[in-house]
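Here the structure comes first, spelled out in structure tokens, and everything after it is commentary.
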Amino acid sequence: MNRTLARTTSIFGTVLGLAGFNHGLFEVLQGNKPVEGVFIPAIGPSMQMWEHGSEGAFTLLPTYLSAGIATMLVSLIAIFWSIRCIHLRRGPLVFLLLFILLFLTGGGIGHVIIFTITWAFATRIHRPLPLWKKILPPAVRPVTAGLWPWITGLSVLLYLLALWIAVTGKVPGVMEDGQALIVMLVSILSALVLMVLSNIAAIARDLEPAPVG
């Protein structure tokens, strides 16, 4: 098993699950009122903290309360699965199905790209990596592998920063909503790029020979 790749999936699955739970919580706070359609604002107008803070979501459920409860429940299951079960043979498949379900209940739209990329790398957890041996020759693997903790940590921090701004619109030293929006978009795009690089670094780490003794 490619253990670092599995650990990387666990980390990003947990972060994505927390983001989904955040959507569900705000949906519950809107109460047992019917949704206006399949595309909904997770954060209602009365709770919105800035111009761009509606946190758009998709749901097939009839009310904000049912969407929120289902979203929070699926989020917790997805987090548990990411941490405890991703190493199983069917772990990546169930991971994908859980996050698709999270999307359908109201867990947010923006995370679809991220969980799809995370799942694509997770499909390699139990498979050999011959192509990556060519992409990552032995000379570059130690350096790439050594960067894994730093890239992973930075990607998580940037994703959480983007989530914070998406909800609150607050950025230290930034007063205008337009500027906060730019910072949020740069943060999420940077986090996405770093998540890809984190998985590549994880593969390099798994290709390195195991220490003896």
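The values are calculated or read from the model by the stated rules, or taken from the named source; none is laboratory data. Model, not experiment: these values are computed from the prediction. Ideal geometry is used to build each Cβ from the backbone, glycine not excepted, and the neighbour counts take in all protein chains shown.
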Given the residues A145, A180, A166, which is the only one that is over 30 Å from G24 (Cα atoms) and either in contact with a helix residue (DSSP H, G or I) (Cβ under 8 Å, 6 or more places away or on another chain) or touching a residue at least 60 places away in the same chain (Cβ under 8 Å) (or both)?
-> A145
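Given the structure, is E51 loosely packed, with under 15 Cβ neighbours inside 10 Å and in contact with an Asp or Glu (Cβ under 7 Å, 6 or more places away or on another chain)?
Taking the combined requirement at face value, the residue satisfies it.
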Go through the stretch 1-47 and count every residue that is surrounded by 22 or more Cβ atoms within 10 Å (Cβ to Cβ) and either among the aromatic types (F, W, Y) or free of Cβ contacts under 8 Å to residues at least 60 places away in the same chain (or both).
-> 2
Considering only helices (runs of 4 or more DSSP H) wholly within the stretch 69-168, the ones with at least 1 residues that are surrounded by fewer than 21 Cβ atoms within 10 Å (Cβ to Cβ) and among the charged types (D, E, K, R) are 130-135, 141-146
Qualifying residue in the stretch 44-67 (condition: in a helix (DSSP H, G or I), touching a helix residue (DSSP H, G or I) at 6+ places or on another chain (Cβ under 6 Å), closer than 21 Å to L160 by Cβ and modelled with pLDDT of 95 or more) = no
